[in-house]
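Asks: Below you will find the structure I want to go over with you.
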């Protein structure tokens, strides 16, 4: 049962990742160019960040993983410290370790909330999704390229007819 509880979700998550990778490999047209341009811009922004900004950005994107890891670490640390108490029963030690871990996690949650609040307050550029404008611009470029290609074909056809 333990293997099923651990392995089944991991297999499902990995299958979903591979399905998304396959879908992305099949994309064509202007959407791919827009996504590649966005990816290039994100990479360029990342390259221009200082180490401190990179660390803050990384932590803000993974804040729930950090909170979960800190809970697990605080539970382990509290368990290790409390396990040395020879006057408590094992059940009391488990409860004490859990309570300390919960208290430390509450502190971490408060710190994460304060950090998130400061980031939102300091955010100069609010993210507004204008991806529809990118799609329209890409479609216009494709239409102009098609018109130019049709124009070149008609000129070549007139030229070949005049040679006959």
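Asks: Between rounded, prolate and oblate, where does region 1-95 land on the alpha carbon gyration tensor, with a ≥ b ≥ c its root eigenvalues, rounded for a/c under 1.5, else prolate if a/b exceeds b/c?
Replies: It is oblate, given that a/c is not under 1.5 and a/b is not larger than b/c.
Asks: Give the Debye-formula value of log10 I(q)/I(0) at each listed q (0.30 Å⁻¹), with one equal scatterer per alpha carbon of region 62-124, two decimals each.
Replies: -1.15
Asks: Then there's this: Quick one, what does Rg over Rh come out to for the chain if you take C-alpha atoms and the Kirkwood Rh?
Replies: For the chain, the value is 1.26.
Asks: I'd like the orientation of helix 131-163 relative to the chain: the angle between its Cα long axis and the longest Cα principal axis, in ° from 0 to 90, rounded to 10.
Replies: 20
Asks: Hey, another quick one. Note the direction-averaged projected area, equal to a quarter of the hull surface, for the Cα convex hull of region 3-48, in nm².
Replies: Over all viewing directions, region 3-48 projects a mean Cα-hull area of 4.5 nm².
Values quoted throughout were computed directly from the atomic coordinates according to the rules given, and no laboratory measurement underlies them. Since the structure is predicted, the reported quantities are computational estimates derived from the model, not experimental observations.
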